[in-house]
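The values are calculated or read from the model by the stated rules, or taken from the named source; none is laboratory data. Because the structure is predicted, anything quoted here is derived from the model rather than measured. Quick reminder, even Gly has a Cβ in these numbers, built from the backbone with ideal geometry, and neighbours come from all protein chains shown.
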Amino acid sequence: MTDRGPSPADWPGDWNVERLHADHSQALRITAEFYDSATEHQRLRVFENPTFGRIMTLDGVVQVTEADNFIYHEMMTHVPIFAHGAVRRVLIVGGGDGGMAREVLKHRDIEQVTMVEIDGTVVDFCKSHLPGISAGAFDDPRLDLVIADGADFMRQNADVYDVIIVDSTDPVGPGEVLFTDTFYGHAKARLAPGGILVTQNGVPFLQGAELTNTMRAFTALFADATCYLATIPTYAGGPMAFGWGTDGAARGVDLATLTERFAAAGFETDYYTPAVHLGAFALPPYVARLIG
């Protein structure tokens, strides 16, 4: 029998053990704790880890880390924006840490970004304790921050957007309503012609039903419904899926066009490239089966 080393009970120091999944978890060592308190909506905690830097959890589930957030934020923003090619107005639902706004606002041609976050405490907290995540995005005059329930906003608002990014938590607690057919229908109504909806859809290997349910709704709503993938180390269980829905032809953009748009944008990335963009839509069979 192989020696697997010390058991968790023998690990030194304090650990955050995530229990999002019934039979699988990940543990992150805590070398310093900066905050631990319940907000009106959820328990918010920030601690230091030697590998990932400062980490924010909500109800014990990792939301963002200083070290690897660039992967998640770059792939949720630059894929739809460069695919579309003429984005002027963007809606972000969630994203209280400001990382999504940071990446969207790197695009100089974007005129307005509306960010709807249910928990104002998260925004204030991240400005103070994780300022590198937003990197000044909250001070950009193009950003309109709205503290409100994202589902209510989507239902009541009459504005339209070229790209809508749903940067939600997992479908439990406050984030559950953002995974419903009704919400997706309201989101489609807020898209301009040729607009694109992208959503956070978890890790397919462990959360397959989440992706299947979203894709069932997207298939009924959009001419082009699929997902694309990116691997983010702190989201355990394999690559993460991002839902993609549009009635336009943006997914058919070729490498030469993406390369031209990326070069014209004039900023550097750490994960996104035009080739990665196209490759992210190449799905392994187990994911393809989940989306039908």
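Does LEU278 satisfy being more than 21 Å from ILE81 (Cβ to Cβ), over 18 Å from the mean Cα position of the chain (by Cα) and surrounded by 13 or more Cβ atoms within 10 Å (Cβ to Cβ)? Considered against the rule, which asks whether it is more than 21 Å from ILE81 (Cβ to Cβ), over 18 Å from the mean Cα position of the chain (by Cα) and surrounded by 13 or more Cβ atoms within 10 Å (Cβ to Cβ), LEU278 comes out as no. Give the range 63-76 a look and list any residue that's surrounded by 24 or more Cβ atoms within 10 Å (Cβ to Cβ) and either touching a Pro at 6+ places or on another chain (Cβ under 7 Å) or assigned to a helix (DSSP H, G or I) (or both), or say none. Of everything in the range 63-76, those that are surrounded by 24 or more Cβ atoms within 10 Å (Cβ to Cβ) and either touching a Pro at 6+ places or on another chain (Cβ under 7 Å) or assigned to a helix (DSSP H, G or I) (or both) turn out to be ASN69, TYR72, HIS73, MET75, MET76.
Tell me, please, whether a residue that is assigned to a loop (DSSP other than H, G, I, E, B), of a type in the set (A, V, I, L, M, F, W, C) and closer than 20 Å to PHE82 by Cβ can be found in the range 225-246. Looking through the range 225-246, at least one residue is assigned to a loop (DSSP other than H, G, I, E, B), of a type in the set (A, V, I, L, M, F, W, C) and closer than 20 Å to PHE82 by Cβ. Each residue in the range 24-74 was checked for being assigned by TED's automatic domain parsing to the domain that holds THR269 and more than 15 Å from GLY99 (Cα to Cα), and 0 of them qualify. Restricting ARG190, ARG251 to residues that are touching a Ser or Thr at 6+ places or on another chain (Cβ under 8 Å) and touching a residue at least 24 places away in the same chain (Cβ under 8 Å) narrows the list to ARG251. Residue count for the range 187-215, restricted to those that are closer than 20 Å to ASP149 by Cβ, assigned to a loop (DSSP other than H, G, I, E, B) and modelled with pLDDT under 95: 0.
Among the residues here, VAL79 does not qualify as assigned to a loop (DSSP other than H, G, I, E, B), touching a His at 6+ places or on another chain (Cβ under 9 Å) and at pLDDT 95 or above.
Of all residue pairs spaced 6 or more apart or on separate chains, those with beta-carbon atoms under 6 Å, a first member in the range 275-292 that is closer than 16 Å to PRO204 by Cβ and a second member that is part of a helix (DSSP H, G or I) are LEU290/GLY208; LEU290/LEU211; LEU290/THR212; ILE291/MET215. Every listed requirement among (1) surrounded by fewer than 18 Cβ atoms within 10 Å (Cβ to Cβ); (2) among the β-branched types (Val, Ile, Thr); (3) out of contact with any strand residue (DSSP E or B) (no Cβ under 7 Å at 6 or more places or on another chain) is met by ILE118 save one, (1).
Restricting attention to the range 240-268 and to residues that are polar (S, T, N, Q) and surrounded by fewer than 16 Cβ atoms within 10 Å (Cβ to Cβ), the residue that is farthest from LEU105 (Cα to Cα) turns out to be THR257. Consider the range 47-76 and keep the residues that are touching a Ser or Thr at 6+ places or on another chain (Cβ under 8 Å) and β-branched (Val, Ile, Thr). The one that is modelled with the highest pLDDT is ILE71. Taken together, the residues in the range 220-248 that are more than 30 Å from LEU58 (Cα to Cα) and in contact (Cβ under 8 Å) with a residue 40 or more places away in the chain amount to 3.
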